[in-house]
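Engineer: Handing you this structure, nothing more for now.
The values are calculated or read from the model by the stated rules, or taken from the named source; none is laboratory data. These numbers come from a predicted model, not from an experiment. We place every Cβ from the backbone using ideal geometry, glycine too, and count neighbours over all the protein chains shown.
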Amino acid sequence: MTSPLRGLSIAVKLPLLIGALVVVGVTIGALVTYDSVRAAAMTGTRQRLGLVADQIGGMLATNADQLRVTTGEVADTAVVRAFVRDPSAANRAAALALLTTVTNLSKKVPVIEIRSPSGALLLGAGDVARWTDPHLDSSLARDAATRNTGVLGPLHAAGDTIVYATAAPVRLGRRPAGVLVAWWKITSTRDAREQLNALIGAGGRLYIGSPQDSVWTDLVSRVQGPPVPVGGTRDVVEYTRPDSGTTVAIARKVAGTEWTLLVEFSRNEALSGTVRFLKRLGLITAILLVVLLSGTWYASRLITVPLTALTDATESVATGNFDRGVNDGRRTDEIGRLAESFDVMVSHVRESHRELEQRVASRTRELQERNEELEAFGYSLAHDLRAPLRAMQGFSQALLEDHGTQLDATGKHYAQLVADSARSMDRMILDLLAYSRIARAEVTPEPVPLERIVRNATVQVRSVIQERGARLTVDPDLPEVLGHEPTLVQVFANLIGNAVKFVPAERAPEARVRAHAWNGKVRIWVEDNGIGIEPQYHDRIFRVFERLNNGDDFPGTGIGLAIVRKGVEKIGGTVGVESTPGSGSRFWVELNRVPEESSANAT
Ligand code: ADP
């Protein structure tokens, strides 16, 4: 898989990578901190509220003991015992008076009763029907009758008020002869409850309840109990209250009672301080991120900006432009030193490049001069050689014509050979001169009509065509090309001449000229039905004096194709051949086509 970063420049990649690392690092750090702080806050709150629950539970247990003792003291009064021993009218009246006094005195004790050890109600002061539960009453009485100390009953809901009972045995000697049951109201004001809750702190709320009877109070009135069982082995439970969301509760059994103490707190409230802290942490993290990312961006630019300048300068040096410097002298660190060294290096390269160019230019000039001298020398040499050759030709001819009668057949043959050789050498010199002329000619390519060129070339080789009875087909609509007319006439005269010449004597030569134009180029083909050329000679035949056949079958000097190549190259074209021996040859010349607008001007 290819990385999506692959195509990006370092200037983008570096800040992206470092930025991503910073974001990941800071985010992980923030998340870990968030989690630890939350966990620590929850643990702290739980421990503190657990402690509070323990203390309040202890206080309640002490209080319960106290109430049991108080109940026992009343049960032990002479008046009560007298009633239990002898429930005469007088004793009953005295006992009732005592009990009524107690209920009147304490608003917290709405009912006091005296029951038999089996639980039957013997005497009651206060509104028994309203405040008590007959079933609970008798079972408590039965329970208390079997014990030395008093008992404390579960919570009971009398309407909206929560009450509970304490019961103590009334003893006559060792025998429990009756039971005194006192009912107590849990009455606390809302203010008192709020103060208590405020003391607990952390949004905690205190409840007391008898879970088995589902009776719970917030110390003021009856309330809905927790939705899950509490007071089991786990002292911390979690549940949802519709009014306060997720709630965490700590439950404690109150020693010596059937009561359970519950301290509840809302998770959100308990964590509100932490949330504030975390919000601040989030803000600081965001600021930190911005600072770090800006720093990263700035630091990466410190590297990538000079790197880009260096890359641009290197590219510009690669294209031969040495004028671009990278050192602005403002930096003295490693990058500054690199830029300075780069500039020094470029100046060295520029210097050597300049020296090299100068040397190449002077060598080229020298070479050109030598070449021109050589060509001039060759040209004049060829010229000078023609005079003695013409003399040899003339005199051998004169010898044959004027003194032929004095020569025998061998003498005439020799004289004829001298004349033929001189003619052939003169032909060779003329071809060489033509080659050297083309090689030295100053040629400026211009639009020329190919049709006219081929026509003129054909005129030049007309005698050969007629001699061989050749058939030459020239395709119509030949395009215009960029070239030099005299040169191209010479080129095509040589190609057509060869096409007609290199055909076995018994075959009638058939040559064809056609052109194919595409993409600003024109390829002109000169095809024949001649002897063909072995592939290994396809390049060699374009060199001077390269001939593949003997002069008897196909006379020539071996310069024709050298002139073709030199001439075509001079006007910016190329030349080549496709051929297999026995199946004819297809010589081609490729030239530039005349652009549309200049072609319009030329016509
Ligand atoms: P010349 O024609 O004077 O021999 P060229 O330079 O024109 O010299 O040709 C070089 C050689 O290439 C020829 O001697 C011949 O062997 C070969 N050649 C040139 N044109 C053809 C052709 N159309 N068919 C076969 N061979 C050719």
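Engineer: Just to confirm my filter: which helices (runs of 4 or more DSSP H) fall fully inside the stretch 373-470 and include at least 1 residues that are over 18 Å from Thr557 (Cβ atoms) and in contact with a Pro (Cβ under 8 Å, 6 or more places away or on another chain)?
Structural biologist: It comes to 450-460, 462-468.
Engineer: Hey, can you tell me all the residues within the stretch 491-514 that are more than 12 Å from the ligand (Cβ to nearest atom) and buried (at least 21 other Cβ atoms within 10 Å of the Cβ)?
Structural biologist: Phe492, Val513
Engineer: Another question about this same structure. Here is a check on your reading of the model: is Ala95 in a helix (DSSP H, G or I), of a type in the set (Gly, Ala, Ser) and closer than 30 Å to Arg205 by Cα? Walk me through how you get there before you give the answer.
Structural biologist: Details: in a helix (DSSP H, G or I): yes; of a type in the set (Gly, Ala, Ser): yes; closer than 30 Å to Arg205 by Cα: no.
Taking the combined requirement at face value, the residue does not satisfy it.
Engineer: Given the criteria charged (D, E, K, R), at pLDDT 95 or above, buried (at least 16 other Cβ atoms within 10 Å of the Cβ) and under 23 Å from Thr458 (Cβ atoms), does Glu590 qualify?
Structural biologist: yes
Engineer: Report whether or not Leu478 is touching an Asp or Glu at 6+ places or on another chain (Cβ under 8 Å) and either on the phi > 0 side of the Ramachandran plot or among the hydrophobic types (A, V, I, L, M, F, W, C) (or both).
Structural biologist: Taking the combined requirement at face value, the residue satisfies it.
Engineer: So, in the stretch 525-546, how many residues would count as being surrounded by 15 or more Cβ atoms within 10 Å (Cβ to Cβ), near the ligand (Cβ under 7 Å from one of its atoms) and part of a loop (DSSP other than H, G, I, E, B)?
Structural biologist: 5
Engineer: Taking the options Thr603, Thr574, Thr557, name whichever one is within 10 Å of the ligand (Cβ to nearest atom) and either at pLDDT below 95 or over 25 Å from Arg423 (Cα atoms) (or both).
Structural biologist: Numbers: Thr603 fails: within 10 Å of the ligand (Cβ to nearest atom); Thr574 fails: within 10 Å of the ligand (Cβ to nearest atom).
Going through Thr603, Thr574, Thr557 in turn, the sole match is Thr557.
Engineer: Out of the residues in the stretch 172-206 meeting the condition of being among the β-branched types (Val, Ile, Thr) and buried (at least 16 other Cβ atoms within 10 Å of the Cβ), tell me which one is farthest from the chain's Cα centre (by Cα). Give the derivation first.
Structural biologist: Narrowing the stretch 172-206 to residues among the β-branched types (Val, Ile, Thr): 179, 181, 186-187, 189, 200.
Still in the list and also buried (at least 16 other Cβ atoms within 10 Å of the Cβ): 179, 181, 186, 200.
Working: Val179: 86, Val181: 82, Ile186: 70, Ile200: 55 Å.
Of everything passing the filter in the stretch 172-206, Val179 is farthest from the chain's Cα centre (by Cα).
Engineer: Scan the stretch 203-216 and report the pairs whose first residue is at pLDDT below 85 and whose second residue is buried (at least 21 other Cβ atoms within 10 Å of the Cβ) and polar (S, T, N, Q), with Cβ atoms within less than 8 Å and a gap of 6+ or a chain change.
Structural biologist: Pro211/Thr260
Engineer: Could you tell me whether the stretch 590-597 includes any residue that is part of a strand (DSSP E or B) and either basic (Lys, Arg) or within 13 Å of the ligand (Cβ to nearest atom) (or both)? Reasoning before the result, please.
Structural biologist: Going through the stretch 590-597, the residues part of a strand (DSSP E or B) turn out to be 590-593.
Now narrow it down to the ones that are either basic (Lys, Arg) or within 13 Å of the ligand (Cβ to nearest atom) (or both): 593.
Scanning the stretch 590-597 turns up at least one residue that is part of a strand (DSSP E or B) and either basic (Lys, Arg) or within 13 Å of the ligand (Cβ to nearest atom) (or both).
Engineer: Could you check the stretch 485-512 and list, in sequence order, the residues that are touching a Gly at 6+ places or on another chain (Cβ under 8 Å) and either touching a residue at least 40 places away in the same chain (Cβ under 8 Å) or in a strand (DSSP E or B) (or both)?
Structural biologist: Thr487, Leu488, Gln490, Val491, Asn494, Gly497, Asn498, Ala499, Lys501, Phe502, Ala508, Pro509
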